[in-house]
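Laboratory data are not the source of any read-out in this text; all were calculated from the coordinates shown. These numbers come from a predicted model, not from an experiment. Here the Cβ positions follow ideal geometry from the backbone for every residue, glycine too, while neighbour counts run over all protein chains shown.
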Amino acid sequence: MGKQAAAVGERLRKEIAGAMKALALEIDKELRKGTPVDTGHARRNWVPSVGQPFTGEVTGDETHAQGVAAVLAYVLSNDPLWIANNVPYIRALNYGHSAKKPAGFIERAIDIGLQRVQQKYAGRIDLTEARSRFQSEVGAGGAENLASAYSPLGDDW
């Protein structure tokens, strides 16, 4: 019985970690796709990470690739997954400063990412709480450090 419970627990941890990785990467993909582009600097500065948000600004794509690799290597733990953008004007872009994309592209990216991952894991993992966590982070002025610190097991996990 102990081995069987351990095996079920391990499968559950892998499934949840997989959903968390998928969620972070889907939102990252949508953020990069939805960010208005003039020079590409704002788009390039969406950086996923594990444990804490990326700080600073990037000039190339290698930092993003390293962040994606860290997310792909993620195992279920107490460390949150993050997606950060530290360009000083990212909030203005999200509020509609650019005529190239409508306001609210960050919230839209979160919604699309959540919908896709919820469909993929339908009936196995419930991501309904994640939307309110993401939206409160953005609404609190946290667009430049958008945390995907979502644990489907609750805050005490």
* Report the relative contact order of region 2-148, percent, no decimals, based on alpha-carbon pairs under 8 angstrom and at least 6 residues apart. => 29 percent
* Asked: Taking the Cα centre of region 2-148 as the origin, how large is its charge dipole in debye, to the nearest 20, when only Lys and Arg (+1) and Asp and Glu (-1) carry charge on their Cβ atoms?
  -> 420 debye
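In a shell of Cβ-Cβ distance under 12 Å around Ala19, excluding Ala19 itself, what net charge do Lys and Arg (+1) and Asp and Glu (-1) give?
After counting each charged neighbour, the total is +3.
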* Asked: What is the extension gain from Asp111 to Glu62, computed as 0.36 nm multiplied by their sequence separation minus the C-alpha to C-alpha distance, in nm to one decimal?
  -> 15.0 nm
* Asked: Which part of region 32-64 falls in the paramagnetic zone of His97, meaning amide N under 11 Å from the point 7 Å along Cα-to-beta-carbon?
  -> 42
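Going down the list Lys100/Lys120; Lys14/Lys100; Lys33/Lys120, which pairs span over 29 Å between their C-alpha atoms?
With Cα atoms farther than 29 Å apart: Lys100/Lys120; Lys14/Lys100.
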* Let me know the Kirkwood hydrodynamic radius for region 65-114, please, with Cα pairs as the basis and the value in Å to one decimal. => 13.0 Å
* Directionally averaged shadow of region 2-148, computed from the convex hull of its alpha-carbon atoms, nm² -> 9.0 nm²
